[in-house]
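The values are calculated or read from the model by the stated rules, or taken from the named source; none is laboratory data. Since the model is a prediction, treat every value here as computed from it, not as a measurement. Every residue, glycine as well, gets a Cβ built from its backbone with ideal geometry; the counts of neighbours run over all protein chains shown. Quick note on the areas: whole protein, heavy atoms, side chains included, nothing else; ligands and nucleic acids left out. Shrake-Rupley method; radii C 1.70, N 1.55, O 1.52, S 1.80 Å.
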Amino acid sequence: MSEVRFYFDFSSPYGYLAAERMEEFESRVGVKVIWRPFMIGAAFKQTGQSPLLEQPIRGDYFRHDMERCARAQNTPFCIPQNFPYSALMPTRAFYWLESRSPALARKFAKDIYRGYFADGLDMSNPENVLAAATRHSINPGEMRAAVEEQRWKSHTRDITDEAIEMGAFGSPFFFYEGEPFFGNDRIDQLEQWIKLHKSRNDS
């Protein structure tokens with residue numbers, strides 16, 4: 001089965017909206033989606049970007065657009081009070097969980113996203129991240145210890161470097177056989193591209 005690499009940051013509104021679409025997309029298109037959270041702040045430093053809502057003029061537009069896109073796909077959404085935040089803990093926790101169960105890591109990722117963008121929880125507070133773990137019967141003590149292990153700190157840095165080297169400068173960012181697609185609004189185009197290439201390979 002062909003693969004799509006899905007790079008996202010846990011503080012990204014459009015990453016959240018894309019994450020809510022990924023399971024249905026994966027089933028409909030017949031691809032395997034590889035979830036890869038990364039630290040978008042590192043990409044911003046290299047590109048000179050700043051968080052969308054902090055940008056003059058553009059910030060007002062994107063606030064409106066985020067809310068509009070969420071309504072269009074019937075996804076609960078709010079701008080959290082603590083926005084954006086550095087999502088080191090949930091990112092490291094994701095990779096620790098993925099090493100045990102990729103399916104559980106995805107569920108955890110969606111819970112973190114929903115807690116932040118649907119319920120307005122402060123996910124820079126470790127207790128809120130650990131509460132998400134508890135909801136999925138994940139031992140919070142084990143998670144707290146894991147995110148401090150050098151293995152997962154290094155892995156998060158490596159994935160972030162990988163994303164930037166591939167050309168990911170925002171969230172969500174998708175790659176299919178090296179072809180890049182940026183944004184929740186490019187998922188339909190990504191699907192068309194995949195179907196076109198599959199049909200060519202089958203002919």
Exercise. Report yes if Ser11 is at pLDDT 95 or above and assigned to a loop (DSSP other than H, G, I, E, B), otherwise no.
Key: yes
Quiz item: Can you tell me which residue in segment 187-202 is surrounded by the most Cβ atoms within 10 Å (Cβ to Cβ), limited to those that are modelled with pLDDT of 95 or more and either in contact with a strand residue (DSSP E or B) (Cβ under 7 Å, 6 or more places away or on another chain) or of a type in the set (Asp, Glu) (or both)?
Solution: Leu190
Quiz item: Looking at (1) of a type in the set (A, V, I, L, M, F, W, C); (2) open to solvent by 40 Å² or more (accessible area, probe 1.4 Å); (3) touching a residue at least 40 places away in the same chain (Cβ under 8 Å), which is the only condition Leu52 fails?
Solution: (3)
Quiz item: When segment 87-100 is examined, which residues are found to be open to solvent by 40 Å² or more (accessible area, probe 1.4 Å) and not in a helix (DSSP H, G or I)?
Solution: Ser99, Arg100
Exercise. Starting from residues that are of a type in the set (Gly, Ala, Ser) and closer than 30 Å to Gly178 by Cα, keep the ones in segment 115-164 and report whichever is surrounded by the fewest Cβ atoms within 10 Å (Cβ to Cβ).
Key: Ser154
Quiz item: Got at least one residue in segment 182-197 being touching a residue at least 24 places away in the same chain (Cβ under 8 Å) and on the phi > 0 side of the Ramachandran plot?
Solution: yes
